[in-house]
Amino acid sequence: MSNLQSYTPPKVWKWESKNGGEWANINRPISGATHDKVLPVGKHPIQLYSLATPNGIKVTIMLEELLARGFSGAEYDAHLIKINEGQQFGSGFVDINPNSKIPALVDNSTDTPIKVFESGAILLYLAEKFNAFIPQELSKKTECMSWLFWQMGSAPYLGGGFGHFYSYAPEKIEYCIDRFTMEVKRQLDVLDKQLADKKFICGDEYTIADIAIWSWYGSLVLNRVYNAAEFLEAHTYTHLMRWAKAVLSRQAVQRGIKVNRTWGEPEEQLHERHNASDFETKTQDKI
């Protein structure tokens, strides 16, 4: 291990607004709105405000899967939230999600609009609303919930830990990368062993657990995030790779990962989604 500069924490931590890193301009130690901004509202019952990050695509995949299964009530408008510009701190967004993180959803199909935030909560809300992609038998449903919560609890080590220090931190710190790489590889091993004799995470049924976990870990091993598949030796997790490729082959997944995406090749992007016909557009105008 390389020598690290000694650091003694102060008695009281003070925020240095210019603390470096790709996302330093939007990080702050306080919550709440920074400006007034009314959110747009489309014509469909479900309004989604998001960006195609691993957390964001969970919801667009779920909505596209519901539509593919014939649930017309899952029609939605997906509005782009540019988190690098701090749009998640607008008053309209904060009214839906006081935590100012994407995705955030409003369901206007009820007498009183229902606001939902946290990607796992949105998946569970939609699964129960449409009675789809969630097992009905108690033991199987409980297993699905366990894996859904596993993902919600594990992903911060992958994103805020490994992803940050490997891809975004202003300096490559060996200790931090080693520490989080060890944990991420342990998580990949957990998934690989779980999938050794199962088609999907919980067995033969494709569920919200698969959607949630694929959005982070499937994206990771398929080199869709952090460009770290080789570093992590992703190919050695053979059962996980088989599952990740199978999920990606689903047409609803292929549509869902395009929504609110503003990077990559033009055909990979759909900045906003308001109708199913939007996917037929070959290129996207910059918003």
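Brief remarks on what is shown
- Greater than 32 Å apart at Cα, pairs in Lys115/Lys199; Lys198/Lys258; Lys14/Lys258; Lys185/Lys258; Lys82/Lys199; Lys115/Lys258: Lys115/Lys199; Lys14/Lys258; Lys82/Lys199
- Dipole of the chain [Lys/Arg +1, Asp/Glu -1 at C-beta], most positive-end residue of Ser31, Trp243, Pro54: Ser31
- Near Gly90, once Lys and Arg are set to +1 and Asp and Glu to -1 for all other residues with Cβ below 12 Å from its Cβ, the sum equals -1.
- Ascending count of other beta-carbon atoms within 10 Å, so fewest first, for Tyr125, Tyr49: Tyr125, Tyr49
- When the alpha carbon gyration tensor of segment 138-256 is reduced to an equivalent ellipsoid, its three semi-axes come out at 25, 15, 13 angstrom, largest first.
- Fully extending the segment from Glu205 to Gln136, taken as 0.36 nm per residue of separation minus the present Cα-Cα distance, adds 23.7 nm.
- Rounded to the nearest 20, the Cβ-based charge dipole of the chain about its Cα centre (Lys and Arg +1, Asp and Glu -1) stands at 340 debye.
- By the count of neighbouring beta-carbon atoms within 10 Å, fewest first, Arg273, Arg224 end up ordered Arg224, Arg273.
- Normalised contact order of the chain, rounded percent, pairs of Cα under 8 Å and 6 or more residues apart: 21 percent
- Fluctuation leader among Thr262, Thr110, Thr207 - the chain, Gaussian network, Cα springs under 10 angstrom: Thr110
- Value of relative contact order over segment 138-256, rounded to a whole percent, pairs C-alpha under 8 Å and six or more apart: 25 percent
- The spacing between segment 175-224 and segment 28-93, judged by their C-alpha centroids, is 25 Å.
- Calculated [θ] (222 nm, deg cm²/dmol) that DSSP helices of n ≥ 4 give over the chain, each run adding -39,500 (n - 2.57): -10500 deg cm²/dmol
- In the chain, a dipole from Cβ-located charges (positive for Lys and Arg, negative for Asp and Glu) runs towards its positive end, and of Ala121, Ser109, Asn99 it is Asn99 whose Cα lies farthest in that direction.
- Cα-based shape type of the chain, given that a ≥ b ≥ c are square roots of the gyration tensor eigenvalues and the cut on a/c is 1.5: oblate
- Estimated dipole of segment 138-256 in Debye, rounded to 20 [Cβ of Lys and Arg +1, of Asp and Glu -1, Cα centre]: 400 debye
- The chain: DSSP helices with Cα axial extent of at least 27 Å and average Kyte-Doolittle hydropathy no lower than -1.0: 138-156, 174-194
- Segment 1-137: relative contact order as a whole-number percent, Cα under 8 Å and 6+ apart: 26 percent
- Taking 7 Å steps out from each Cα toward its Cβ at Asn227 and Gln5 produces label points 2.6 nm apart.
- Simple spin-label estimate for Ala68 and Lys37 in nanometres, 7 Å along Cα-Cβ: 3.1 nm
Laboratory data are not the source of any read-out in this text; all were calculated from the coordinates shown. The model shown is predicted, which means the values in this text are computed figures rather than measured ones. When we count neighbours, we look across all protein chains shown, and the Cβ atoms used for this are built from the backbone with ideal geometry, even at glycine.
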